[in-house]
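The values are calculated or read from the model by the stated rules, or taken from the named source; none is laboratory data. All values derive from a computational prediction rather than experimental measurement. No Cβ is skipped: glycine too gets one built from the backbone with ideal geometry, and neighbour counts run over all protein chains shown. Surface areas here come from the heavy atoms of the whole protein model, side chains and all, with no ligands, DNA or RNA. Shrake-Rupley method; radii C 1.70, N 1.55, O 1.52, S 1.80 Å.
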Amino acid sequence: QVQLVESGGGLVQAGGSLRVSCVASRSIFSINAMGWYRQAPGKQRELVASITTGGSTNYADSVKGRFTISRDNAKNTVYLQMTSLKPEDTAVYYCKAQTRNYEYWGQGTQVTVSA
């Protein structure tokens, strides 16, 4: 099993930056992929960004060029650096770990971008 704890959310003005972190309870070195998802009120949860063990990344079109996902295997941590934030980025951001057979989710961290 893997427990995931997100942190770093908060309130920021449009155009600002924020970094959210996801700490795993065990090594993420062997986890196939780590990802950040978000869910805004009344909307479905959507993929924001993901990163594989080999470092390959994937981004939603809406965040390309603004968000960067990275992982620090030594710290069992995945980061999402968010810049040029927009009000439409407001959501609860969730971390996900994908192993061969299971997926694990964190509890989420709220990101609110004011206009």
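Being over 14 Å from Leu80 (Cα atoms) and either over 12 Å from the mean Cα position of the chain (by Cα) or of a type in the set (Gly, Ala, Ser) (or both) narrows it down to one residue among Ser25, Ser21, Ser50; which is it? Testing whether each residue is over 14 Å from Leu80 (Cα atoms) and either over 12 Å from the mean Cα position of the chain (by Cα) or of a type in the set (Gly, Ala, Ser) (or both) leaves just Ser25. For the range 57-64, the count of residues that are in contact with a strand residue (DSSP E or B) (Cβ under 7 Å, 6 or more places away or on another chain), surrounded by 13 or more Cβ atoms within 10 Å (Cβ to Cβ) and closer than 22 Å to Ser114 by Cα is at least one. If only residues of the range 93-115 that are more than 21 Å from Thr57 (Cα to Cα) and out of contact with any Phe, Trp or Tyr (no Cβ under 6 Å at 6 or more places or on another chain) are counted, the one that is least open to solvent (accessible area, probe 1.4 Å) is Val113.
Could you tell me whether Val48 is surrounded by fewer than 21 Cβ atoms within 10 Å (Cβ to Cβ), outside any loop (DSSP other than H, G, I, E, B) and not polar (S, T, N, Q)? Break it down into steps so the answer makes sense when it comes.
Working: surrounded by fewer than 21 Cβ atoms within 10 Å (Cβ to Cβ): no; outside any loop (DSSP other than H, G, I, E, B): yes; not polar (S, T, N, Q): yes.
So Val48 does not fit the description; no.
Going through (1) charged (D, E, K, R); (2) touching a residue at least 24 places away in the same chain (Cβ under 8 Å); (3) in contact with a Ser or Thr (Cβ under 6 Å, 6 or more places away or on another chain) one by one, Lys86 falls short only on (3).
Select from the range 4-36 the residues that are free of Cβ contacts under 8 Å to residues at least 60 places away in the same chain and hydrophobic (A, V, I, L, M, F, W, C) and write down the one among them that is surrounded by the fewest Cβ atoms within 10 Å (Cβ to Cβ). Step by step, filter the range 4-36, then rank; the result is Phe29.
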